[in-house]
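Notes to accompany the following structure.
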Amino acid sequence: MNWINAFELICYVITFFLLADIVKRKNWQELYLFFSAALAGFMLELLAVRLTWIYHYSEKYYFIIGTVPYQFPFFGGLMWGGVTVCALRLSKKFAADPFKRALLTGWLVVSMDLLLDVAAIRLDGGFWIWEGRPITLEINHHMLMSVIWVNFLGYLFETPAIAYFTLKYQEKQEKSARLQKADEKPVSDQKRRAQSVSSVSRNLLAALLIGLAGVAFVAVASSLALLLDGISDEWFSCLSFILIWILILVDLLSQLYHKREKISFRGKKDWVLFSFWAALYGYCLAALWKLEILQSRPLYALLSILLATGTLTLCLMKVDEEKG
């Protein structure tokens, strides 16, 4: 089995366990979020490979949608849903404000992608191929080891947008539920079932619209970024990504410092969340080691290890907001 198919199968497995965990918890909000993010992922990727001509995907995947050369691996869309759910579940521990939660969600996803994409374009001919871009280990304002910066910046458009729209919708729903409960009157079982069906339909429609809104936002933001890259010789995406990434990291470290008295590692752990991130980072580190990138780029290796251990440590943390 090659590295491409191994990653494909890993993603199907961890996504299955994540969805099973969501259903077990009856966390329907996460299920709707998964749907929104997966829908946006499928649409964005299929549109990008057909309209931008910046890259195309390998034909080696087991399950592919679309026609050559516009194909996209089926698991890729599911993983957009999975990583968004897992990143938001994790960011809720450390950020109370919806905007900051959304940004941290995007930061967690793109930080893992800093490892994955560098390995992915090199394994078995590449998970995907950037058109006209050489494969080197050079880091400059055009590319990070042959991955263009606008690719990373795009994660800070798509994931936070979906997360933010979802969080604001959830806030609206919770407010409405509180008002309804305060004015609650006895209803028959038949009417209660009808209300439940209506609620599910309304939430599914909202999830669909959030996914479409995410696609629209990314399309506009990415088009603007590509336009400014053309004007600035790709400095715009490089500097914008690095600045935003560092600012979110600083805010996370600040949150950890201010909540230090409330943080512990005791109590029940979310092992599905931990396993999800462990599987992705484990694969990335193994691939980067196999490619001898970690050995040849010690600073990048240090960053990779810090991101992996840091994310897994966050998964094990418990923040007691009532404490202190």
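Conditions tested, residue by residue: (1) within 21 Å of the chain's Cα centre (by Cα); (2) closer than 20 Å to W3 by Cα.
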{"residue": "P73", "(1), (2)": "yes, yes"}
{"residue": "G76", "(1), (2)": "yes, yes"}
{"residue": "S91", "(1), (2)": "yes, no"}
{"residue": "F99", "(1), (2)": "yes, no"}
{"residue": "W107", "(1), (2)": "yes, no"}
{"residue": "D113", "(1), (2)": "yes, yes"}
{"residue": "D124", "(1), (2)": "no, yes"}
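When region 30-41 is filtered for residues that are closer than 16 Å to F74 by Cβ and either surrounded by fewer than 21 Cβ atoms within 10 Å (Cβ to Cβ) or β-branched (V, I, T) (or both), only F35 remains.
Looking across region 1-49, just one residue is among the basic types (K, R) and either in contact (Cβ under 8 Å) with a residue 40 or more places away in the chain or not in a helix (DSSP H, G or I) (or both), and that is K26.
The C-beta contact set for region 109-136 (first residue of a type in the set (S, T, Y), second residue open to solvent by 10 Å² or more (accessible area, probe 1.4 Å), distance under 7 angstrom, 6+ apart or interchain) comprises S111/L307. Taken over region 125-153, the residue count meeting the criterion of being touching a helix residue (DSSP H, G or I) at 6+ places or on another chain (Cβ under 7 Å) and either in a helix (DSSP H, G or I) or among the acidic types (D, E) (or both) is 5. For G81, the conditions (1) surrounded by 22 or more Cβ atoms within 10 Å (Cβ to Cβ); (2) within 14 Å of A120 (Cβ to Cβ); (3) not charged (D, E, K, R) are fulfilled apart from (2).
To keep it simple, each residue is scored yes or no on (1) basic (K, R); (2) surrounded by fewer than 16 Cβ atoms within 10 Å (Cβ to Cβ); (3) at pLDDT below 90; (4) not in a helix (DSSP H, G or I).
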site: V197; (1), (2), (3), (4): no, yes, yes, no
site: A216; (1), (2), (3), (4): no, yes, no, no
site: I242; (1), (2), (3), (4): no, yes, no, no
site: L247; (1), (2), (3), (4): no, yes, no, no
site: A279; (1), (2), (3), (4): no, no, no, no
site: Y283; (1), (2), (3), (4): no, no, no, no
site: A286; (1), (2), (3), (4): no, yes, no, no
site: Q295; (1), (2), (3), (4): no, yes, no, no
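Evaluating R202 against the criteria (1) charged (D, E, K, R); (2) open to solvent by 100 Å² or more (accessible area, probe 1.4 Å); (3) modelled with pLDDT under 85 leaves one unmet condition, (3). Look at (1) more than 17 Å from A119 (Cβ to Cβ); (2) open to solvent by less than 40 Å² (accessible area, probe 1.4 Å); (3) touching a residue at least 60 places away in the same chain (Cβ under 8 Å); (4) within 21 Å of the chain's Cα centre (by Cα) and you find that V319 fails only one, number (4). Being among the polar types (S, T, N, Q) and under 23 Å from L212 (Cβ atoms) holds for only one residue in S36, S58, and it is S36. Counting the residues of region 149-172 that are free of Cβ contacts under 8 Å to residues at least 40 places away in the same chain and either closer than 14 Å to V109 by Cβ or open to solvent by less than 10 Å² (accessible area, probe 1.4 Å) (or both) gives 1. Reported count of residues in region 243-277, each being free of Cβ contacts under 8 Å to residues at least 40 places away in the same chain and among the β-branched types (V, I, T), is 2.
The values are calculated or read from the model by the stated rules, or taken from the named source; none is laboratory data. This structure is a prediction, so every number in the text was calculated from the model and none was measured. Quick reminder, even Gly has a Cβ in these numbers, built from the backbone with ideal geometry, and neighbours come from all protein chains shown. These area figures cover heavy atoms from the full protein model, side chains too; ligands, DNA and RNA do not enter into them. Shrake-Rupley method; radii C 1.70, N 1.55, O 1.52, S 1.80 Å.
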